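Note sheet for the following structure.
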Amino acid sequence: MGYRFSRGLLALGVASLIYPWPPSAWAVSEADRFWLVGERAFADRLYSVSRRSLERFVKRFPDEPRAAEATLLLGKSRFALGDFQHALDNFRRAQRFSPLPGGAEEARFWEAETLFRLKRYGEARAVYDALLAANAAAPVAPDAMYGLAWSDLELKRPERAAAAFRQLLDAWPASPLVPSTTFYLARTLVELKRPGEAIPLLALFVDRHPSHSLAPDAQYLLGWSRLATGKTSEGLRDLREFVAGHPRHELVVPARHAIADALLRQGTKPELAQEYQSLIAQSPATAKGLYDAGLIAQSLGRPKDAEAVWRRLGAEFPDHPLVARAFLELAHGAFERSQFREAAALAKPASESGDEGVRVDALLLIGESELKQKRYPPALKAFQAAAATEGIDAALRFRALAGSGLAHEELRQWQEAAKLYAEVAAESPDKTLKQWAKERLAAVRAKAKPPAKPRAEKPNS
């Protein structure tokens with residue numbers, strides 16, 4: 001008769017390889033061993049090991065004094081592993097224990113966090129709110145207020161979100177959440193078209209948290225807000241410092257456009273022209289300088305100068321990432337002039353960029369340019385490549401799917417077109433695109449429907 005081991009003992013044996021026990025430790029109970037492995041593994045971020053050990057603990061020892069804490073910790077392990085639905089069950093079950101070590105607020109907070117990750121924002125907000133109403137002095141209260149604010153943002157309630165962010169700053173000025181709360185409050189105020197209120201918050205953030213991951217975004221937003229409130233010289237200074245300090249940031253291009261637009265609004269075309277000349281005459285030339293010169297030429301309404309300087313950029317710095325952006329700018333210009341063949345050709349090198357944003361934009365432009373030329377197979381290929389890009393923004397993905405559907409329709413591939421139109425019509429966040437897809441879906445279904453057979457005439461008797 002062979003030896004048989006339970007799954008629990010097998011898991012414990014594997015865990016013992018990670019956490020070896022001293023000889024005396026084997027005298028402790030099985031409950032102690034499962035608990036110690038689960039707790040230690042969680043602390044070491046070995047969440048799969050922690051989950052397996054704690055699952056066995058709560059199943060075998062439901063009445064053990066540490067069952068409440070083990071249930072809560074099991075929920076945290078599952079949360080860390082992205083198993084949100086089971087984590088939610090654990091957090092709710094933990095709240096039924098009395099007393100719960102550390103109080104019920106922690107389990108309630110994690111319930112709300114899990115609901116937020118499940119995109120059940122209304123339910124998450126209700127739990128955050130109830131927690132704060134019950135005990136605004138709980139250790140997790142600042143985090144709960146932050147979660148409440150973000151729930152309001154997701155629920156498209158920016159006024160409420162701004163109020164919650166302000167309350168966090170007022171009630172917990174020493175919280176580690178203060179920097180990010182300051183930034184997101186300011187950003188929310190900008191979105192509410194109240195940039196004047198955002199300026200002191202952003203200036204404080206930039207001054208106090210220069211090494212924070214959001215510092216570049218804050219500096220850009222500060223410059224933008226100052227421009228929006230008529231503080232042009234300060235706004236230009238902020239944006240220029242942002243561009244100089246973070247040349248590869250995704251907001252550099254809009255910052256450059258904002259600088260040029262501000263100068264144009266002030267009627268300072270001579271200043272722009274002077275800056276353009278200084279950039280193209282710079283020795284030695286830099287890729288960034290040539291790219292900026294092209295942007296300024298565009299702002300001055302001189303597309304030929306922009307094209308010339310960007311072609312120079314491609315010739316002198318062929319491997320620089322800004323070359324792809326420059327060709328994309330050229331392609332957009334050609335498309336706006338209805339030069340669709342040239343637009344597709346100019347966008348081709350940009351479609352091979354390592355920058356996913358540039359690449360997707362270029363592929364979409366190629367697809368739209370080919371559609372305009374009634375070249376449907378290459379249009380379909382470009383749209384499909386854009387839609388298949390990992391991590392693509394939802395709005396861009398549905399735009400690519402809509403383009404693919406249109407190419408299939410023009411190729412008389414009704415079934416493929418209908419499938420894509422149906423997906424866009426059902427899930428696109430863009431109401432205009434959604435309605436367009438519904439109309440195209442109806443049209444395709446009508447085209448695909450076989451003609452009705454003529455009714456046979458009754459023979460004469």
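Could you please give the count of residues in the stretch 64-88 that are acidic (Asp, Glu) and either under 23 Å from Glu154 (Cα atoms) or touching a residue at least 40 places away in the same chain (Cβ under 8 Å) (or both)?
Result for the stretch 64-88: 1.
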Kindly check whether there is at least one residue in the stretch 291-301 that is touching a residue at least 12 places away in the same chain (Cβ under 8 Å), among the charged types (D, E, K, R) and surrounded by 14 or more Cβ atoms within 10 Å (Cβ to Cβ).
yes
Got at least one residue in the stretch 76-90 being touching a Ser or Thr at 6+ places or on another chain (Cβ under 7 Å), more than 17 Å from Phe42 (Cα to Cα) and not assigned by TED's automatic domain parsing to the domain that holds Leu115?
yes
Picking from Leu239, Leu202, Leu169, Leu221, which residue would you name as being at pLDDT below 95 and assigned to a helix (DSSP H, G or I)?
Leu239
In the stretch 312-344, the residues that are part of a helix (DSSP H, G or I) and free of Cβ contacts under 8 Å to residues at least 12 places away in the same chain:
Ala315, Glu336, Glu342
Out of everything in the stretch 262-302 that is polar (S, T, N, Q) and in a helix (DSSP H, G or I), what residue ends up being modelled with the lowest pLDDT?
Ser278
Would you pick out the residues in the stretch 70-94 that are surrounded by fewer than 19 Cβ atoms within 10 Å (Cβ to Cβ) and either part of a loop (DSSP other than H, G, I, E, B) or over 24 Å from the mean Cα position of the chain (by Cα) (or both)?
Leu81, Gly82, Asp83, His86, Asp89, Arg92, Arg93
Residues located in the stretch 183-199, provided they are without any contact (Cβ under 8 Å) to a residue 12 or more places away in the chain and assigned to a helix (DSSP H, G or I)
Glu197
Hey, any hits in the stretch 304-319 for a residue that's more than 22 Å from His249 (Cβ to Cβ), within 26 Å of the chain's Cα centre (by Cα), at pLDDT below 90 and of a type outside the set (Lys, Arg)?
no
Reported set for the stretch 33-63 where residues are in a loop (DSSP other than H, G, I, E, B) and touching a residue at least 24 places away in the same chain (Cβ under 8 Å) is Arg45, Leu46, Phe61
Determine, yes or no, whether Ile259 is at pLDDT 90 or above, over 22 Å from the mean Cα position of the chain (by Cα), β-branched (Val, Ile, Thr) and part of a helix (DSSP H, G or I).
no
Limited to the stretch 332-357, what total is found for residues that are farther than 21 Å from His249 by Cα and either in contact with an Asp or Glu (Cβ under 7 Å, 6 or more places away or on another chain) or of a type in the set (Phe, Trp, Tyr) (or both)?
4
Which of the residues spanning the stretch 335-356 are at pLDDT below 90 and surrounded by 16 or more Cβ atoms within 10 Å (Cβ to Cβ)?
Pro349, Ser353, Asp355
I'd like to verify a number: residues in the stretch 107-131 that are over 21 Å from the mean Cα position of the chain (by Cα) and surrounded by fewer than 23 Cβ atoms within 10 Å (Cβ to Cβ), how many?
5
Among the residues of the stretch 200-216, write down those that are in contact (Cβ under 8 Å) with a residue 12 or more places away in the chain and under 19 Å from Lys231 (Cβ atoms).
Leu201, Leu202, Ala203, Leu204, Phe205, Val206
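Quick grid of which residues meet (1) among the aliphatic types (A, V, I, L, M); (2) crowded, with 20+ Cβ neighbours inside 10 Å; (3) on the phi > 0 side of the Ramachandran plot:
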residue	(1), (2), (3)
Val358	yes, yes, no
Asp361	no, yes, no
Ser369	no, yes, no
Lys381	no, no, no
Please go through the stretch 254-278 and give me each residue that is of a type in the set (A, V, I, L, M, F, W, C) and over 20 Å from Asp238 (Cα atoms), ordered by number.
Ala273
For Ala161: the one exception among (1) crowded, with 21+ Cβ neighbours inside 10 Å; (2) at pLDDT below 95:
(2)
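The values are calculated or read from the model by the stated rules, or taken from the named source; none is laboratory data. As the structure is a computational prediction, the values presented were derived from the model and not from experiment. Here the Cβ is made from the backbone with ideal geometry for all residues, glycine too, and neighbour counts use every protein chain on show.
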